[in-house]
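The values are calculated or read from the model by the stated rules, or taken from the named source; none is laboratory data. This one's a predicted model, so the numbers in the text were calculated from it and none came from an experiment. Ideal geometry is used to build each Cβ from the backbone, glycine not excepted, and the neighbour counts take in all protein chains shown.
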Amino acid sequence: MSRFPQVWATPQEHLRAVRPEPPVYYFAPETLARTARRFRRGFDGLVSYAVKANPERAVLENLVAAGITAFDVASPAEIALVREIAPAAALHYNNPVRSPAEIAAGVAAGVVSWSVDGMGEFAKLAEQLPGGSEVAVRLALPVAGAAYDFGAKFGEGPAGAAALLRAVAEAGFTPAMTFHPGTQCAAPAAWARYIEVCAEVSRAAGVRLARLNVGGGFPADRGAGRHDLEAVFDAIHAARDAAFGAQAPALVCEPGRAMVAEAFTLALRVKAERACGSLFLNDGIYGALAEAPLMGAVARIRVVSPDGEERSDEPRARVLFGPTCDSVDRLPDPVDLPGDVAEGDYLLISGMGAYTTATTTRFNGYGAAEIVTVRP
């Protein structure tokens, strides 16, 4: 048997031939490679993929093939996975809270960069890291523009960050800074403000930064139109030059969602239609649609019959339920779908590569899904 997966021309071709019962993810490797090229071409620094967004082997292998050489890891399990696939990759351990055992695992695996956001966490790092290791102080600011903010959980304010940065330098580690503007951030000004304050923190601490990690948060298309990644890149570069001048640090970014979202299309089957028009699907918020209560229902949906023919009647608002025996398993808002959608049809949802396979549960025995390779 060939070790290479069968490649289908389109999701519809596979649906017609197989008529799958469980959910299916249609993975387009060339779409992923094209996005990786877009980041590498447009961003003036190191591109480090955030493994948490989608840790599927096929994703990591194709990113390596597309020239990605660094990975943002958040646990020993992610470290081991990347080391298995890409032994020479640079590992950036940017989950800033770790147990001593987790730190030891990272040191043993050769992690090259570590984030930190508190003196207690830095003390744990200092006990184990080799001298000269890069330690990036994580900054948190009340900056708007994201779907939701990471600052409530991670990061130091400017004064705390300056004190921590001085401690990093005085301990003999390579000083750096990092931040995350928040999930699905479509405001280039958010990055610019963070970079300005990183420069202020660096000057207040009297410490020159070796590198500046501008985080993830790059937006993916969730139905409101494509976001201009290049505008974000331009804002980052301009803010770096203005804030740091000739002493500008090297840049790093760690895209997750924006890197992998467009490479996957999700097919969900309609299990039943109620007299009121609500639909029951074979997956829901305990599976691939887990982000819907936080970020709103996805909007880029096509409906196809089991024969692969696209439904096209006048749209009608539908309440969508998942398959579990739990009444909260429903999308937060009704979704407009063609009026002729019927039991047995498939919903093809675009842009579903991020935080879907990674966060799926097996509640009630649901959650299993197949990954099928398609051409873009």
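The table for this structure:
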| read-out | value |
| --- | --- |
| ALA123 being more than 23 Å from the chain's Cα centre (by Cα) and either surrounded by fewer than 17 Cβ atoms within 10 Å (Cβ to Cβ) or in the same structural domain as ALA210 (by TED's automatic domain parsing) (or both) | yes |
| Flag for ASP283 being in a loop (DSSP other than H, G, I, E, B), in the same structural domain as PRO20 (by TED's automatic domain parsing) and at pLDDT 95 or above | yes |
| Pick from segment 32-56, criterion surrounded by fewer than 21 Cβ atoms within 10 Å (Cβ to Cβ) and in contact with a Lys or Arg (Cβ under 9 Å, 6 or more places away or on another chain), ranking: nearest to ALA238 (Cα to Cα) | ASP44 |
| Cβ pairs under 6 Å, 6+ apart, first in segment 82-100 and within 23 Å of GLU156 (Cα to Cα) and assigned by TED's automatic domain parsing to the domain that holds ALA126, second basic (Lys, Arg) and surrounded by 22 or more Cβ atoms within 10 Å (Cβ to Cβ) | PRO96/ARG138 |
| Lone unmet requirement of (1) touching a strand residue (DSSP E or B) at 6+ places or on another chain (Cβ under 9 Å); (2) part of a loop (DSSP other than H, G, I, E, B) for ARG302 | (2) |
| Flag for ASP228 being within 30 Å of LEU294 (Cβ to Cβ) and modelled with pLDDT under 95 | yes |
| Selection count where residues are in a helix (DSSP H, G or I) and crowded, with 24+ Cβ neighbours inside 10 Å, scope segment 258-270 | 5 |
| Pairs where the first residue, in segment 232-244, is under 16 Å from ALA187 (Cα atoms) and the second is part of a helix (DSSP H, G or I) and among the small types (Gly, Ala, Ser), C-beta under 6 Å, 6+ apart | PHE233/GLY42; ALA235/ALA192; ALA239/ALA192 |
